[in-house]
Amino acid sequence: LDHVLDKIDMVLLMSVNPGFGGQSFIESALPKIARVRELIDRSGREIRIGVDGGVKVDNIEAVAAAGADTFVAGSAIFGSKDYRATIAAMRAEIGKATGG
């Protein structure tokens with residue numbers, strides 16, 4: 001990333017093994033998210049960090065706290081009985097991490 005930060009608007013980090021939906025979040029992604037956030041913050045550029053894979057209500061706060069600001073959540077939403085309630089719960093958890 002050091003060599004391309006001036007050319008990108010977003011970094012997408014995978015937090016599962018690519019291939020199929022419904023996988024569990026890989027916890028070792030959290031320190032990677034934090035390292036990318038530090039790198040971006042030091043650059044002074046406005047680059048978004050997206051996380052794709054296993055993002056759910058019970059871990060989205062930690063993902064946001066690590067520095068992500070864009071979240072890909074498929075199974076967590078579409079596998080729930082109430083999409084609206086799940087999305088609202090996710091937003092509330094993000095708010096806990098970001099103070100918003």
With +1 on the Cβ of every Lys and Arg and -1 on the Cβ of every Asp and Glu, the dipole magnitude of the range 1-44 about its Cα centre, in debye rounded to the nearest 20, is 60 debye
In degrees, nearest ten, helix 29-43 long axis to first principal axis of the chain (Cα) | 40 degrees
For Rg and Dmax of the Cα atoms in Å, the choices are (1) 13.8, 46; (2) 13.8, 44; (3) 13.7, 41; which was calculated from the structure?
-> (2)
Sulfur and carbon atoms: percent of accessible area, the chain [1.4 Å] | 53 percent
Calculate how steeply helix 83-98 sits against the longest principal axis of the alpha-carbon atoms of the chain, using the helix alpha-carbon long axis, and give the answer as 0 to 90 degrees to the nearest 10.
-> 40 degrees
Give me the accessible area per residue for the chain, probe 1.4 Å, as a whole number in Å².
-> 62 Å²
Around F71, which amide H atoms from residues at least 5 apart in sequence, or from another chain, sit under 5 Å from its own amide H, with H modelled in the peptide plane?
-> V51
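The values are calculated or read from the model by the stated rules, or taken from the named source; none is laboratory data. Fair warning: this is a prediction, and the values are worked out from it, not measured in the lab. Counting neighbours? That spans all protein chains shown, and the Cβs are built from the backbone with ideal geometry, glycine included. SASA here: full protein model, heavy atoms, side chains in, ligands and nucleic acids out. Shrake-Rupley method; radii C 1.70, N 1.55, O 1.52, S 1.80 Å.
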